[in-house]
Amino acid sequence: MRVLVQRVSAAAVTVDGETVGRIDPDPQGLVALVGVAHGDSGADAEAMAAKLWRLRILAGERSAADVGAPILVVSQFTLYADTAKGRRPSWAAAAPGPVAEPLVEAFAAALRGLGATVATGRFGAHMRVELVNDGPVTLLLES
């Protein structure tokens with residue numbers, strides 16, 4: 001599992017002109033773009049959620065857990081693109097939708113279970129993600 005996390009001051013995701021997820025942090029929150037690979041499990045989703053929740057990347061070296069920062073979770077299979085050969089990425093390492101969707105949902109549920117306020121995108125939809133990266137701060141977490 002890969003999670004590309006960005007510290008943000010605002011973020012929203014829309015599908016077909018409808019806002020399906022939004023966070024308005026005060027002052028900071030996180031956007032978690034989540035990619036699932038073959039072999040990932042519910043345990044990986046829970047461990048990654050716990051890591052993200054406690055990651056000290058907010059102002060004053062604090063975590064989302066410390067300040068109750070909201071998190072926007074968006075599925076993104078393209079995190080597993082293989083660009084080693086040619087000009088067309090391969091998506092072979094990304095888990096198929098029926099495998100990935102429940103694990104992205106498990107990741108969001110695990111965050112909620114830890115006490116996070118979580119908004120989400122819509123799995124499999126063409127989404128427009130808008131965010132204001134604060135810092136900028138962008139990190140790649142891998143299990």
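The values are calculated or read from the model by the stated rules, or taken from the named source; none is laboratory data. Every value quoted in this text rests on a predicted model; they were computed, and no experiment measured them. Neighbour counts run over all protein chains shown; Cβ positions are idealised from the backbone, glycine included. These accessible areas exclude ligands, DNA and RNA; they are computed on the full protein's heavy atoms, side chains included. Shrake-Rupley method; radii C 1.70, N 1.55, O 1.52, S 1.80 Å.
Specify the angular offset, from 0 to 90 degrees and rounded to the nearest 10, of the alpha carbon long axis of helix 97-114 from the longest principal axis of the alpha carbons in the chain.
Around 20 degrees separate the two axes.
Would you pull out the residues with amide H under 5 Å of A37's amide H, same chain only if 5 or more places away, H placed 1.01 Å from N?
R2, A95
With 5 Å bins from zero, work out the P(r) of segment 33-99 over every alpha carbon pair and list the percent per bin.
Result returned by the calculation: 4, 15, 19, 19, 15, 13, 10, 5, 1.
If you line up the long axis of helix 42-54 against the longest principal axis of the chain, both from Cα atoms, how many degrees apart are they, to the nearest 10?
For helix 42-54, the angle is close to 30 degrees.
Measuring with a 1.4 Å probe in the full set of protein chains, what accessible area per residue, in whole Å², belongs to the chain?
53
Can you list residues from other chains, or at least 5 along the same chain, whose modelled amide H is less than 5 Å from the amide H of S75?
V34, G121
Given H placed on each backbone N at 1.01 Å, which residues far from D134 in sequence or on other chains put an amide H within less than 5 Å of it?
Excluding prolines and chain starts, which carry no amide H, the hits are R7, V8, S9.
Based on Cβ point charges of +1 for Lys and Arg and -1 for Asp and Glu, what charge dipole magnitude is obtained for segment 11-143 about its Cα centre, in debye rounded to the nearest 20?
300
Show log10 I(q)/I(0) for segment 1-69 at q = 0.20, 0.21, 0.26 Å⁻¹, two decimals, from a solvent-free Debye sum over equal Cα scatterers.
Each listed q corresponds, in turn, to -0.90, -0.95, -1.14.
Roughly how many whole Å is it from the C-alpha centroid of segment 82-143 to that of segment 54-80?
Taking the Cα centre of each part, segment 82-143 and segment 54-80 sit 12 Å apart.
Would you kindly derive the ³J(HN,Hα) couplings of segment 124-131 from the backbone phi angles with the Karplus curve 6.51 cos²θ - 1.76 cosθ + 1.60 (θ = phi - 60°), listing them in order in whole Hz, with x for Gly and Pro?
With coefficients 6.51, -1.76 and 1.60, one gets x, 8, 7, 10, 10, 9, 10, 8 Hz.
Can you list the HN-Hα couplings for segment 67-73, worked out from phi with the Karplus curve (6.51, -1.76, 1.60; θ = phi - 60°), rounded to whole Hz and with x for Gly and Pro?
Running phi through 6.51 cos²θ - 1.76 cosθ + 1.60 with θ = phi - 60° gives 10, x, 5, x, 9, 9, 9 Hz.
Return the carbon/sulfur percentage of the accessible area of the chain, one whole number, probe 1.4 Å, all protein chains in place.
The computed percentage sits at 49.
So, counting K/R as plus one and D/E as minus one, what does the shell of residues with Cβ under 13 Å around E101 add up to?
-1
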